[in-house]
Structures are given as C-alpha cells and as structure tokens.
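Let me begin by presenting the structure, written as structure tokens, before commenting on it.
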Amino acid sequence: MRTATRWITGMTGAVLALLTLGTTPASAESTNFDIPSSITSRTQPSHAALEADTRPSADAKCVNKYGFRARGVTAVGWGGGPGHWQVTWRCDSN
C-alpha cells in the first residue's frame, strides 16, 4: 500500500509539473531588419537570389541580437531599386 501511495504522489507531482509548463506564457520576440544585397542588377533579381545573397548576414544579425535564443530568420519583404536591392528579414527568438 505504501508503494502505491508513493507512486500516486509521484504521478500527481509529474502531472502538476506538466500542467504548469503547458500554461507558462511564451517569451518569444521578433524583430524585423533590412539587409542590403550585393546584387547590383538594374532589373529586380528573383526573390530566391536575393534571399541567398542576404541570408548569411541576416543569420549573423539575428544571432547577434538574441544569442542562443535565436530561432531563425524568415524573409518577409523584398524591395529597393536598381542597384540597391534589399530583403526585409524577421528574426524570431525562443
């Protein structure tokens, strides 16, 4: 009987811990920033080309801002003009 009581007490604690973890508010943040492209084409390059050109800088900027909490970057906008193309990236943290 004593073993069963310990098991039930242990399970109750585990269930309470899971419920507490599940209800903890998220602390994620996000930041948008523009990364200029090195592509100097007069016509707008493809989104894929602009992303490939600017992603390393976006990743570095995201890690610089959030450190180990950096979750990743997502391209959310493309723009600029002839010779001055840029990508707007959203950086998310955990």
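Before moving on, here are some points about what is shown:
- The stretch 71-94, subset open to solvent by 30 Å² or more (accessible area, probe 1.4 Å) and touching a helix residue (DSSP H, G or I) at 6+ places or on another chain (Cβ under 6 Å), residue farthest from residue 32 (Cα to Cα): 94
- So residue 64, is it assigned to a helix (DSSP H, G or I), at pLDDT 95 or above and open to solvent by 80 Å² or more (accessible area, probe 1.4 Å): yes
- So residue 40, is it surrounded by fewer than 16 Cβ atoms within 10 Å (Cβ to Cβ), modelled with pLDDT of 90 or more and out of contact with any strand residue (DSSP E or B) (no Cβ under 6 Å at 6 or more places or on another chain): yes
The values are calculated or read from the model by the stated rules, or taken from the named source; none is laboratory data. Note that the structure is a prediction, hence the values are computed from the model and not measured. Cβ coordinates were reconstructed from backbone atoms using ideal geometry, including for glycine residues, and neighbour counts include every protein chain displayed. These accessible areas exclude ligands, DNA and RNA; they are computed on the full protein's heavy atoms, side chains included. Shrake-Rupley method; radii C 1.70, N 1.55, O 1.52, S 1.80 Å.
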